[in-house]
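Please read the structure below before turning to the comments.
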Amino acid sequence: MVGGNMEQKIKLFFKTLFIKKESPKKNRQIIDMIRWGREFQRLNLAEQTTGNLSFRKKEGFVITGTGAELGGLLKDDFVEVLKVEKKNNKFLVYAKGKMFPSSETLLHWEIYQFRKDVNVIFHLHDLSVLEKEKELKIPSTQKEKPGGSYELAQESIRLLQKEKKINYFILKNHGVIVMGKSISGAGKLVKFFNQKAKTLTKQQVVN
Ligand SMILES: [Zn+2]
């Protein structure tokens, strides 16, 4: 966790209501997420406090907290999101945890609602992939929207309505969303495209 400056820059588009100030129990999934977080930082996909990881629960999901550093996740960096309510265009997130849920909570929520086959969502800033977006032929949202906004979530769902089976897409000028049935499946997909993008970059240098 980093304090101060970083956190002040994050704009939250929702209010959080804590049902309980207790973080989720450390289980297999949390241990796996901690391990993948380290791997993503090693690959430079999670600079400072960017990026967020989540996995589905029976109701809602568990997500990394706002300001959490993926490279050094601790048990208390995870927050359970029970549900999201929309009232007069304002969003209320019901949570259990010691940290505020990721600023991209609305995006994760909307994807879990729309794609019932998805159990895991990773959001990362893979700059190598963004640079090679065209060559890699990765689907992308059409319009750039502010990070954390409901508009960004809507723009993503618009893409998922068109591209029904994709598990990897680009948030225009921002980052990537990777989905999976399992944590390791989503993690491997992150690495697959990252490696492909880096290979393309290397080839360019050689030519
Ligand atoms: Zn982001």
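A few notes on this one:
- Expected 222 nm ellipticity per residue - DSSP helices of 4 or more, -39500 (n - 2.57), all of the chain, to 500: -11000 deg cm²/dmol
- Long-range tail of P(r) for the chain (Cα pairs > 26 Å, %): 29
- Loop-resident trypsin sites (Lys or Arg not before Pro) (DSSP state other than H, G, I, E or B) in region 19-71 with no more than 13 further Cβ atoms inside 10 Å of their Cβ: Lys21, Lys25, Lys26, Lys58.
- Sorted peptide list for 197-205, 153-161, criterion being average Cβ within 10 angstrom, highest first: 153-161, 197-205
- Members of Lys162/Lys202; Lys145/Lys191; Lys11/Lys196; Lys21/Lys188; Lys20/Lys162; Lys96/Lys164 lying beyond 27 Å, as alpha-carbon distances in this model show: Lys162/Lys202; Lys11/Lys196; Lys21/Lys188; Lys20/Lys162; Lys96/Lys164
- The simple Förster model, with R0 at 22 Å and r as the Cβ-Cβ distance, assigns Lys98 and Asn27 a FRET efficiency of 0.85.
- Between helix 183-206 and the chain: long-axis angle, C-alpha atoms, 0 to 90°, nearest 10: 30
- Each Lys and Arg adds +1 at its Cβ and each Asp and Glu adds -1 at its Cβ; summed about the Cα centre, region 67-132 shows a dipole of about 400 debye.
- Acute angle (nearest 10 degrees) that the helix 105-114 long axis makes with the longest principal axis of the chain, alpha-carbon atoms: 80
- Zone of Ser184's modelled label, taken as backbone nitrogen in region 24-57 under 19 Å from a point 7 Å along Cα→Cβ: 27-40, 54-56
- Ranking Ala95, Gln113, Gly51 by how far each Cα lies toward the positive end of the dipole of the chain (charges on Cβ) leaves Gln113 at the top.
- Simple label model, 7 Å out from Cα along Cβ direction - Lys165 to Arg38, nm: 3.6
- With the simple spin-label model, which puts each label point 7 Å out from Cα in the Cβ direction, the Glu151 to Leu17 separation comes to 2.7 nm.
- Inter-part distance where region 49-67 and region 173-205 are each reduced to a Cα centre, Å: 19
- In terms of other Cβ atoms within 10 Å, Asp126, Asp117 run from fewest to most in the order Asp117, Asp126.
- Residue exposure sequence - Ile63, Ile183 - by fewest surrounding Cβ within 10 Å: Ile183, Ile63
No value in this document is a laboratory result; all are computed from the given coordinates. As the structure is a prediction and not an experimental result, all values here were calculated from the model. We place every Cβ from the backbone using ideal geometry, glycine too, and count neighbours over all the protein chains shown.
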